[in-house]
Structure formats: structure tokens, C-alpha cells
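Chemist: Can you read through this structure? Questions will come right after.
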């Protein structure tokens with residue numbers, strides 16, 4: 001699929017039914033998320049609002065009027081010293097994976113986070129066997145930062161988490177403005 005067929009834009013409340021569908025399928029069938037039961041629409045709306053209200057970007061990829069993927073950034077950790085770091089999340093309709101949708105989302109998410117003066121982005125990949133996601137992040141400038149062995153149990157097996165990290169903007173070359181929270 002040509003990448004120009006993908007429109008990446010801010011996520012609206014009206015998009016959340018499709019976002020919930022994409023995430024729900026992943027929760028039920030895959031190991032990217034360590035949730036067992038897919039959250040309902042009301043919970044997904046609550047999560048979206050919490051992120052947006054905190055100033056984080058939440059975006060969708062639309063193709064022919066349908067949401068086919070979404071991405072957002074959120075706090076990596078809650079303590080103030082971590083305020084310059086974000087954790088990214090990206091999910092794409094499995095029927096369209098490896099077709100440019102995830103790349104379009106992540107490139108926009110990185111730009112949005114840099115515009116908000118975040119300095120580091122952390123990707124936490126559920127399941128070290130998810131090589132496609134690991135390589136995808138590496139192709140966007142993420143570097144391997146660590147692996148936690150057998151920290152989750154889902155679909156009858158123990159799962160690792162893989163940490164990847166990417167500098168945003170000036171990264172750690174300059175200190176953040178501590179008064180701004182980022």
C-alpha cells in the first residue's frame with residue numbers, strides 16, 4: 001500500500017470504536033499487550049482522555065475513511081525526573097501490517113513528541129519473539145536497551161519484554177526545562 005494513501009491525524013472520540021476493535025483483536029490473539037481481556041469502549045475512551053488531558057499525543061492512521069491503526073505516547077514513569085521520557089504504543093490492523101501504516105504513525109508520533117520537548121522514547125515490546133516489532137523500531141532509530149526474561153504469562157507461555165530506546169530532539173545533549181514538566 002502506498003504510504004500517501006494513509007492519513008495520520010489526531011484521534012477523535014468518534015475514532016475510538018475502531019481503535020477499541022484493533023486493540024481488542026490484539027489482546028485476544030497476540031502477545032504485544034499483556035492484558036488478558038480487551039477493555040470496552042468506555043475504558044478506551046477513559047484511557048484516551050487521560051493521555052490527551054496530560055498533554056500526550058494520540059493519533060490514528062485512516063485509510064478510505066476507516067481507522068486502521070493508532071499510536072500514542074504516555075509517561076514512561078510517573079516520578080518527575082522521568083518527565084522528559086515517554087513510552088510509545090502503536091497498533092495496526094493485522095491485515096495491513098508491514099504496509100507502511102505503522103511507519104506513518106510512528107514518524108508522526110516522534111515528531112509530535114519532539115515538538116513537546118520530550119527527550120527519550122522507550123518502546124517496550126511484549127514477547128521477545130516479536131521480531132517484526134523489534135526490527136520495525138530499530139529501523140526508526142531505536143536501539144536495544146535490555147530484556148526482562150519471563151515477566152509475563154499469556155496464551156500458555158512465559159513472555160519476555162524487550163526495551164528499545166531512541167533519543168528525541170536534542171536527547172540528553174541539553175537539560176530539559178525543569179519548570180515545564182518535560
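Chemist: For region 1-13, enumerate the residues that are touching a helix residue (DSSP H, G or I) at 6+ places or on another chain (Cβ under 7 Å), in contact (Cβ under 8 Å) with a residue 40 or more places away in the chain and either outside any loop (DSSP other than H, G, I, E, B) or under 25 Å from residue 162 (Cα atoms) (or both).
Modeler: 3, 8
Chemist: Looking at 172, 95, 117, can you tell me which residue is out of contact with any strand residue (DSSP E or B) (no Cβ under 8 Å at 6 or more places or on another chain), surrounded by fewer than 17 Cβ atoms within 10 Å (Cβ to Cβ) and touching a residue at least 12 places away in the same chain (Cβ under 8 Å)?
Modeler: Just one listed residue meets the conditions, 117.
Chemist: Sticking with this structure for a sec: List every residue pair whose Cβ atoms lie under 7 Å apart, where the two residues are 6 or more positions apart in sequence or sit on different chains, the first residue falls within region 32-55 and is at positive phi, and the second residue, located anywhere, is in a loop (DSSP other than H, G, I, E, B) and surrounded by 12 or more Cβ atoms within 10 Å (Cβ to Cβ).
Modeler: Matching pairs, first to second residue: 55/116.
Chemist: Just one of (1) surrounded by 12 or more Cβ atoms within 10 Å (Cβ to Cβ); (2) farther than 18 Å from residue 34 by Cα; (3) touching a residue at least 24 places away in the same chain (Cβ under 8 Å); (4) touching a strand residue (DSSP E or B) at 6+ places or on another chain (Cβ under 9 Å) trips up residue 152, so point out which.
Modeler: For residue 152, the exception is condition (2).
Chemist: Which residue is modelled with the highest pLDDT, if the candidates are limited to region 120-149 and must be surrounded by 20 or more Cβ atoms within 10 Å (Cβ to Cβ) and part of a loop (DSSP other than H, G, I, E, B)?
Modeler: So the residue we want is 142.
Chemist: I would also like to ask the following. Could you please give the count of residues in region 14-49 that are over 19 Å from residue 105 (Cβ atoms) and assigned to a helix (DSSP H, G or I)?
Modeler: Total meeting the criteria: 8.
Chemist: Does residue 136 satisfy being free of Cβ contacts under 8 Å to residues at least 60 places away in the same chain, touching a helix residue (DSSP H, G or I) at 6+ places or on another chain (Cβ under 7 Å) and under 24 Å from residue 6 (Cα atoms)?
Modeler: yes
Chemist: Being buried (at least 19 other Cβ atoms within 10 Å of the Cβ), closer than 27 Å to residue 20 by Cβ and without any contact (Cβ under 8 Å) to a residue 24 or more places away in the chain: is that true of residue 90 here?
Modeler: Judged against the criteria, residue 90 is a match.
Chemist: Here is a check on your reading of the model: is residue 70 in contact (Cβ under 8 Å) with a residue 60 or more places away in the chain, touching a helix residue (DSSP H, G or I) at 6+ places or on another chain (Cβ under 8 Å) and surrounded by 13 or more Cβ atoms within 10 Å (Cβ to Cβ)?
Modeler: In short, no.
Chemist: Going by what's in this entry, would residue 86 be described as more than 10 Å from the chain's Cα centre (by Cα) and closer than 23 Å to residue 162 by Cβ?
Modeler: Criteria not met by residue 86.
Chemist: Could I ask something else about it? For residue 164, are the conditions met, namely being touching a helix residue (DSSP H, G or I) at 6+ places or on another chain (Cβ under 9 Å), touching a residue at least 40 places away in the same chain (Cβ under 8 Å) and outside any loop (DSSP other than H, G, I, E, B)?
Modeler: Yes: the conditions hold for residue 164.
Chemist: So which of 55, 152 ends up being in a strand (DSSP E or B) and farther than 17 Å from residue 20 by Cα?
Modeler: Every option except 152 fails the conditions.
The values are calculated or read from the model by the stated rules, or taken from the named source; none is laboratory data. Please read all numbers here as calculations on a predicted model, not as lab measurements. When we count neighbours, we look across all protein chains shown, and the Cβ atoms used for this are built from the backbone with ideal geometry, even at glycine.
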